[in-house]
Amino acid sequence: MPCPDSIGRLRQTARFCALAFACLLIASGPAQAQHPYDMVVEMVADQTSDNLILERCLKASCFASHAMVDRCHNEKYQGVTYIEQGNILCLNGNIEWGGDYWSEGDKLKSIKKFHIKKHVHLVVTSYGGELTNSIMISRYLRKYDYSVIVSEFCLSACAQFIFIGSNKRIVSEGGVVAFHGGPFSQDQIQKLEVSDIEKGKITKAMSEFYAFYKEMKIPIEITYNFPQSVLEKAKNNKGTMWAPNQEDYKSYGVDVTFCANP
């Protein structure tokens, strides 16, 4: 029986390790895997240091994320697929724009068709898409305490809303999460050569943009405060996409786990 101090450490560690050990059970099979509670208690009983516990949890979390990515790829998923065993949601493709530009259909409607369980693991590959629907997907999945895993790419609205809005964020080696710019100011909107109706729609969308980051308590500057090297490329018309590293995220108070391939 762990002493009170050990119970405190157990509780502190449990939230971080929940995804990792639950997925290890899925990946290894119930017959081979040790129960998550027993694994953590064993580390506490051995007086394993906090740093070593953290290191083991990170390795387990990365191992589990690779297993879930493989599950999605084995399904040869397109659009939205839900794998009930493991509670894995696979999302592939662009987010519905509302017109004919995207052909994959409304991702949010597809997601709502499934009976998703709590603590869902989202494996996403997307160039991005429509702002409002991306925010709605994030808010909907947050009710299920979702984790997001990127093994290929998550760009634009995928990065700025679906990735940022998740409860736990994992980027596999070779995976790219990239931002391309923050919300338009009112002055910028007024200078656009579009109708007043369109300007009204854009103003509403930008309000949703700001509200989302306020709700997440994340500085919105992460979406546009790019390093000088990226800004220099933008001057030469080489694009303004920025893929932050772990230290970049930390500077904005955002926790992201970067995993090496096994």
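Which of the following residues is modelled with pLDDT of 90 or more and among the aliphatic types (A, V, I, L, M): ALA234, ALA260, ALA243?
ALA243
Looking at VAL148, VAL123, which is the one that is in a strand (DSSP E or B) and within 18 Å of THR223 (Cβ to Cβ)?
VAL148
Report whether or not ILE95 is within 28 Å of TYR224 (Cα to Cα), open to solvent by less than 50 Å² (accessible area, probe 1.4 Å) and modelled with pLDDT of 95 or more.
When the stated conditions are applied, ILE95 does not pass them.
Do you know which residues across region 126-145 are assigned to a loop (DSSP other than H, G, I, E, B) and either on the phi < 0 side of the Ramachandran plot or among the hydrophobic types (A, V, I, L, M, F, W, C) (or both)?
Within region 126-145, TYR127, GLU130, LYS143, TYR144 qualify.
Residues in region 105-127 that are in contact (Cβ under 8 Å) with a residue 40 or more places away in the chain and among the β-branched types (Val, Ile, Thr): how many?
The total comes to 1.
Identify, by number, the condition in (1) within 19 Å of the chain's Cα centre (by Cα); (2) aromatic (Phe, Trp, Tyr); (3) within 30 Å of GLU173 (Cβ to Cβ) that PHE226 doesn't meet.
PHE226 satisfies all of (1) within 19 Å of the chain's Cα centre (by Cα); (2) aromatic (Phe, Trp, Tyr); (3) within 30 Å of GLU173 (Cβ to Cβ) except (1).
Pairs under 6 Å by beta carbon, first residue without any contact (Cβ under 8 Å) to a residue 12 or more places away in the chain in region 135-149, partner of a type outside the set (Lys, Arg) and surrounded by 18 or more Cβ atoms within 10 Å (Cβ to Cβ), six or more apart or different chains?
none
Considering each of ILE170, ILE189 in turn, give the residue that is modelled with pLDDT under 90, more than 16 Å from SER156 (Cβ to Cβ) and in contact with a helix residue (DSSP H, G or I) (Cβ under 6 Å, 6 or more places away or on another chain).
Selected residue: ILE189, the only one of ILE170, ILE189 that is modelled with pLDDT under 90, more than 16 Å from SER156 (Cβ to Cβ) and in contact with a helix residue (DSSP H, G or I) (Cβ under 6 Å, 6 or more places away or on another chain).
So, GLN160, is that one part of a helix (DSSP H, G or I) and open to solvent by 10 Å² or more (accessible area, probe 1.4 Å) or not?
So GLN160 does not fit the description; no.
The values are calculated or read from the model by the stated rules, or taken from the named source; none is laboratory data. Quick caveat: nothing in here was measured; it's all calculated off a predicted structure. With ideal geometry, Cβ positions are generated from the backbone for all residues, glycine too; neighbour counts draw on all protein chains shown. Surface areas here come from the heavy atoms of the whole protein model, side chains and all, with no ligands, DNA or RNA. Shrake-Rupley method; radii C 1.70, N 1.55, O 1.52, S 1.80 Å.
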